[in-house]
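Throughout, read-outs are computed from the coordinates displayed, never taken from laboratory work. Note that the structure is a prediction, hence the values are computed from the model and not measured. Note that each Cβ is placed from the backbone with ideal geometry, even for glycine, and that neighbours are counted across all protein chains shown.
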Amino acid sequence: MSFLKKKVHSKNSSRGFTLIELMVSIFIITTISGVIIFQYARFDGQLLLKNLAFEVALSIRDAQQRGITAQDTKVGANTFAYGVHFTHAAPTQYIIFRDANDDLTYDAGEAVNTFTMTRGNSIKPLPSPLSAGKGGLCAGDRDSGGAFATNECWISTLDIMFVRPNPDAFFARTGTLPSPVGTVSEVEITLINARNTIERTVRITNTGQVSVP
């Protein structure tokens with residue numbers, strides 16, 4: 001009898017997972033997998049946005065190089081200015097342009113190259129209402145704390161231009177009401193990912209320095 005009890009006990013102790021144990025195991029595996037996938041997606045998004053910021057910076061450098069190396073010399077004049085155009089009207093694009101009419105702003109027909117941002121990345125949109133914050137195009141003078149005034153980031157279009165022989169940048173901006181005021185010593189383009197959770201900025205000073213903080 002004792003032998004039978006031991007035998008039954010041994011058979012019960014060697015049985016497989018119960019349904020509850022199996023469900024718990026699946027839940028743990030699913031949770032861990034979800035966390036890993038989420039973290040990977042976030043890392044991938046950060047990397048893509050960082051690469052985009054450097055691509056924008058390189059495009060601005062390209063325009064600067066074109067502007068100061070006398071490309072497309074005009075007859076009886078100096079040279080064409082080159083620049084980069086950003087607008088909230090087309091937040092997933094930016095344009096390298098040649099200033100054919102010397103007005104130091106982008107006009108239709110002046111585009112040299114048009115670049116499209118992919119994977120849902122774009123210029124950070126203007127807030128609605130404006131008083132709710134800052135948009136992704138800023139131009140002005142930073143305060144003692146290193147920030148732009150709120151209305152200096154209510155810009156709808158921004159042109160960054162370079163004219164031979166200096167590497168200095170010239171800025172043209174169009175603001176929504178109330179219009180931005182004051183001088184412009186620096187501009188900043190803020191890029192954002194599709195979920196509005198990650199931002200990267202590109203900064204350009206009036207001395208022609210381009211950086212990605």
From phi via Karplus (6.51, -1.76, 1.60), per-residue ³J(HN,Hα) for segment 197-204 in Hz, x at Gly/Pro: 10, 10, 10, 9, 10, 10, 10, 9
Quick query: amide H of Ser185 versus all other amide H atoms, modeled in the peptide plane; which residues come in under 5 Å with a sequence gap of 5 or more or a different chain? Gly140, Asp141
Rounded to the nearest 0.05, FRET efficiency between Arg142 and Arg61 (Cβ-Cβ, R0 25 Å) equals 0.70
Length released on extending from Ser25 to Asp107, taking residue separation times 0.36 nm less the Cα-Cα span: 23.3 nm
